[in-house]
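Worksheet: the structure to be examined is printed underneath.
The values are calculated or read from the model by the stated rules, or taken from the named source; none is laboratory data. Only a predicted model underlies this, so the values are computations on that prediction, with no experimental measurement involved. Note that each Cβ is placed from the backbone with ideal geometry, even for glycine, and that neighbours are counted across all protein chains shown. With ligands, DNA and RNA removed, areas are computed over all heavy atoms of the protein, side chains included. Shrake-Rupley method; radii C 1.70, N 1.55, O 1.52, S 1.80 Å.
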Amino acid sequence: MPSAEIGKAVARSITDMIRGAGQPTHTASMAEMGAACVASAGAHLRTGTAASMTVYPIVPDFARYPQYGRDLNQTFGEIGLAGHWIKVLLHHMFLYKARLRPGWALIPE
């Protein structure tokens, strides 16, 4: 997730600089973005499990969140079957998008 946002910011800045901007015009700070990860373990749709977690912000910000550096309402982890279903869904959506199927641009990064 962060690499896609950083890549977009770099591409947009390069485009702007080709058009005459003297310096980069877009930023993507990992102190202002979150990330999610799903690690699947097992292949069966009824018995598979996965570890799912989100982190916000990626780089701890102790000025905004003094106790832990992260927003605990948006940072969590869980193990279970639902994460496995999400992993399967993400896998198929990624392949759909990679093959440039109709509507691929509507699938978020």
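Residues that are farther than 22 Å from Met30 by Cα and open to solvent by less than 100 Å² (accessible area, probe 1.4 Å) do not occur anywhere in the range 57-69.
For the range 1-33, residues that are among the hydroxyl-bearing types (Ser, Thr, Tyr) and either touching a strand residue (DSSP E or B) at 6+ places or on another chain (Cβ under 7 Å) or closer than 26 Å to Arg64 by Cα (or both) total 4.
Taking each residue of the range 26-38 that is over 8 Å from Met53 (Cα atoms) and assigned to a strand (DSSP E or B) and looking for partners that are open to solvent by less than 50 Å² (accessible area, probe 1.4 Å) and among the small types (Gly, Ala, Ser) with beta-carbon atoms closer than 7 Å, six or more apart or interchain, yields nothing.
Pairing each residue of the range 1-13 that is over 9 Å from Ala28 (Cα atoms) with any residue that is open to solvent by less than 80 Å² (accessible area, probe 1.4 Å), provided the two are 6+ apart or on different chains, yields C-beta distances under 6 Å for Met1/Ala35; Arg12/His26; Ser13/Thr25; Ser13/His26. Residues in the range 71-105 that are in contact with a strand residue (DSSP E or B) (Cβ under 9 Å, 6 or more places away or on another chain) and open to solvent by 70 Å² or more (accessible area, probe 1.4 Å): 9 in all.
Return the residue satisfying two criteria in turn: it lies in the range 1-24 and is open to solvent by less than 70 Å² (accessible area, probe 1.4 Å) and either touching a Gly at 6+ places or on another chain (Cβ under 6 Å) or of a type in the set (Val, Ile, Thr) (or both), and of such residues it is modelled with the lowest pLDDT. Checked the range 1-24; the qualifying residue modelled with the lowest pLDDT is Ile6. What is the residue count in the range 43-70 for residues that are farther than 22 Å from Ala4 by Cα and out of contact with any strand residue (DSSP E or B) (no Cβ under 6 Å at 6 or more places or on another chain)? Number of matching residues: 14. Within the range 39-56, the set of residues being assigned to a loop (DSSP other than H, G, I, E, B), surrounded by 16 or more Cβ atoms within 10 Å (Cβ to Cβ) and touching a His at 6+ places or on another chain (Cβ under 9 Å) comprises just one member, Gly48.
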